[in-house]
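J.: Quick one: this structure, given as structure tokens, is what I'll be asking you about.
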Amino acid sequence: MAMDPSFKIIDYGSPQWEDAVLLREKVLRHSIGSSFSKAELEEESKHIQVASYLEGDLVGTAVLVNEGNAFKVQRVAVDENFRNKNIGSKMMQFCESIVIENNANSIYCHARDKAVDFYLQNGYKKEGEYFQEDGIPHLKMLKSF
């Protein structure tokens, strides 16, 4: 079955954003026994919210933080039932197009250890050494344009 997801920027605080937060918590936080704090979620009001839909259902989400010449992509999550179907890679391409449209020249993330190969496959390069974030090993991954 071909997966042809659609992508869009969603509004902070909207029902779509609330659904995206629930998906991110399910994928990224439940496994480490935590959830997003009110302050973390309020900070998202300054960021670009990206959502991926398949036949009307939310299947992926990411958050872009504009830092001028670079963007940080964070809270990248794909529903576990839709992994390994190229949705994450297509969502990264959508995020990268936003970065380029905003005249930035790079995008980076703090990748969990188990996501490093995904970012390498999508043209990101390892930067520096592993570090702890949320009690999990992470590595900075960078893609320049």
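Where a number appears in this text, it was derived from the coordinates with a stated rule and is not lab data. Because the structure is a prediction, the values reported are computed rather than measured. Cβ atoms come from the backbone with ideal geometry, glycine included; neighbour counts cover every protein chain shown.
J.: Please pick out the residue among I87, I32, I9 that is farther than 30 Å from N103 by Cβ and out of contact with any Cys (no Cβ under 9 Å at 6 or more places or on another chain).
T.: On the way: I87 fails: farther than 30 Å from N103 by Cβ; I9 fails: farther than 30 Å from N103 by Cβ.
Among I87, I32, I9, only I32 is farther than 30 Å from N103 by Cβ and out of contact with any Cys (no Cβ under 9 Å at 6 or more places or on another chain).
J.: Additional query: Could you pull out the residue among R24, R29 that is surrounded by 18 or more Cβ atoms within 10 Å (Cβ to Cβ) and either of a type outside the set (A, V, I, L, M, F, W, C) or within 18 Å of A111 (Cβ to Cβ) (or both)? Working first, answer last.
T.: Details: R29 fails: surrounded by 18 or more Cβ atoms within 10 Å (Cβ to Cβ).
Residue meeting the stated conditions: R24.
J.: Any residue at all in segment 33-54 that is in a loop (DSSP other than H, G, I, E, B), of a type in the set (S, T, Y), over 19 Å from S144 (Cα atoms) and in contact with a helix residue (DSSP H, G or I) (Cβ under 7 Å, 6 or more places away or on another chain)?
T.: Looking through segment 33-54, at least one residue is in a loop (DSSP other than H, G, I, E, B), of a type in the set (S, T, Y), over 19 Å from S144 (Cα atoms) and in contact with a helix residue (DSSP H, G or I) (Cβ under 7 Å, 6 or more places away or on another chain).
J.: Within segment 69-88, does at least one residue satisfy the condition of being in contact with a strand residue (DSSP E or B) (Cβ under 6 Å, 6 or more places away or on another chain), in contact (Cβ under 8 Å) with a residue 60 or more places away in the chain and either not acidic (D, E) or not in a strand (DSSP E or B) (or both)?
T.: Pass one, segment 69-88, residues in contact with a strand residue (DSSP E or B) (Cβ under 6 Å, 6 or more places away or on another chain): 70-79, 82, 87-88.
From what's left, in contact (Cβ under 8 Å) with a residue 60 or more places away in the chain: 82, 87.
If we keep only those that are either not acidic (D, E) or not in a strand (DSSP E or B) (or both) as well, we get 82, 87.
Yes.
J.: Name every residue in segment 98-108 that is under 23 Å from L139 (Cα atoms) and of a type outside the set (A, V, I, L, M, F, W, C), in order of residue number.
T.: Correct list: N105, S106, Y108.
J.: If you don't mind, another one. Quick one: which of N84, N66 is under 24 Å from L142 (Cα atoms) and surrounded by fewer than 15 Cβ atoms within 10 Å (Cβ to Cβ)? It would help to see each step written out before you state the result.
T.: On the way: N66 fails: surrounded by fewer than 15 Cβ atoms within 10 Å (Cβ to Cβ).
Answer to the selection: N84.
J.: Look at segment 1-21 and say how many of its residues are without any contact (Cβ under 8 Å) to a residue 60 or more places away in the chain, surrounded by fewer than 15 Cβ atoms within 10 Å (Cβ to Cβ) and either part of a helix (DSSP H, G or I) or under 14 Å from the mean Cα position of the chain (by Cα) (or both).
T.: 3
J.: Under 7 Å between Cβ atoms, which residue pairs at least 6 apart in sequence (or on different chains) link something in segment 110-122 that is surrounded by fewer than 17 Cβ atoms within 10 Å (Cβ to Cβ) with a partner that is assigned to a helix (DSSP H, G or I)?
T.: N122/S89; N122/M92
J.: Could you tell me whether any residue of segment 81-91 is touching a Pro at 6+ places or on another chain (Cβ under 6 Å), within 21 Å of D19 (Cβ to Cβ) and hydrophobic (A, V, I, L, M, F, W, C)?
T.: Scanning segment 81-91, I find at least one residue that is touching a Pro at 6+ places or on another chain (Cβ under 6 Å), within 21 Å of D19 (Cβ to Cβ) and hydrophobic (A, V, I, L, M, F, W, C), so the answer is yes.
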